[in-house]
Amino acid sequence: RPKLEQELRDKALFNLFADVEMPLVDVLTQMEINGIKLDLKILQELSGSIEKRLIKLIEDIYEISGCQFNLNSPKQLRDILFVRLKLPVIKKSKTGPSTDEEVLRALSSRHKLPALLVEYRQLMKLKSTYIDTLPGMVNSVTGRIHASFNQAATETGRLSSSNPNLQ
């Protein structure tokens, strides 16, 4: 401890450590103990609503592309965008033309399909990562999610959370 304290003092960081970081430990501990209450009914309704929107998006994507394909397959998506629809290749990855969000957004001004794909990906991520997953992480005793809050885990100094990641 004395060695680390001296290192903090040498770097003019001891006051930050003593006045900000250490008092924050008690706050974060209490946040972890208290947990986060979820409105499970709203999440269930939201899941159903997004599911309906996803079904409609998939139908529209298949109609516009002229065929059914695996929406989560970059290879099949490349074939639809760059072979079938003859959209320009904006950037390449190791495996061929990129189909990342930046590319799809850039292609959205040329064709309707890329914008629908961006929306599909965003809704799928939201639904699978948070809306459908978080309810299963609720502690059966407390009825809350008890994440870990990490005050020294990022290079930028921001607070992060894990188990689950709630950012």
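The table that follows gives values for the structure above.
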| item | result |
| --- | --- |
| Residue among LEU134, VAL103, THR154 farthest towards the positive dipole end of the chain, charges placed on Cβ | VAL103 |
| 1.4 Å probe accessible area per residue over the stretch 1-156, in Å² | 68 |
| The stretch 37-76 - Kirkwood radius from inverse mean 1/r over Cα pairs (Å) | 11.9 |
| Equivalent-ellipsoid semi-axes of the stretch 101-167, from the Cα gyration tensor, Å, largest first | 33, 19, 5 |
| Greater than 23 Å apart at Cα, pairs in LYS41/LYS112; LYS56/LYS91; LYS91/LYS127; LYS86/LYS127; LYS92/LYS112; LYS41/LYS125 | LYS41/LYS112; LYS56/LYS91; LYS91/LYS127; LYS86/LYS127 |
| Value of relative contact order over the stretch 1-146, rounded to a whole percent, pairs C-alpha under 8 Å and six or more apart | 30 |
| Calculated from backbone phi, Karplus (6.51, -1.76, 1.60) coupling profile of the stretch 94-106 in Hz, x at Gly/Pro | 4, 9, x, x, 6, 10, 6, 4, 4, 5, 4, 5, 5 |
| Ranked packing of 104-111, 157-164, most packed first, by mean Cβ within 10 Å | 104-111, 157-164 |
| Debye log10 I(q)/I(0) at q = 0.15, 0.19 Å⁻¹ for the stretch 1-148, Cα point scatterers | -0.83, -1.05 |
| Cut-off 18 Å, label 7 Å out along Cα→Cβ of MET31, residues of the stretch 137-160 by amide N | 144-160 |
| Spatially proximal aspartates and glutamates relative to LYS37 (Cα-Cα < 19 Å; intrachain offsets below 8 disregarded) | GLU45, ASP132 |
| Theoretical gain in end-to-end length, ALA12 to SER108 [0.36 nm per residue, Cα-Cα removed] | 29.5 nm |
| Portion, in percent, of the accessible area of the chain that falls on carbon or sulfur, probe 1.4 Å | 54 |
| Peptide ranges 1-10, 83-92 listed from the most packed, as the mean C-beta count within 10 angstrom indicates | 83-92, 1-10 |
| Label point 7 Å beyond Cα of LEU43 along Cβ direction - residues of the stretch 128-150 with amide nitrogen under 12 Å | 128-140, 143-147 |
| Label-point separation in nm, LYS86 to LEU134, each point 7 Å along Cα→Cβ | 4.6 |
| Separation between Cα centres of the stretch 116-167 and the stretch 5-49, rounded to whole Å | 14 |
| Theoretical gain in end-to-end length, LEU4 to ALA115 [0.36 nm per residue, Cα-Cα removed] | 34.7 nm |
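The values are calculated or read from the model by the stated rules, or taken from the named source; none is laboratory data. These numbers were taken from a predicted model, which means no experiment stands behind them. Here the Cβ is made from the backbone with ideal geometry for all residues, glycine too, and neighbour counts use every protein chain on show. These accessible areas exclude ligands, DNA and RNA; they are computed on the full protein's heavy atoms, side chains included. Shrake-Rupley method; radii C 1.70, N 1.55, O 1.52, S 1.80 Å.
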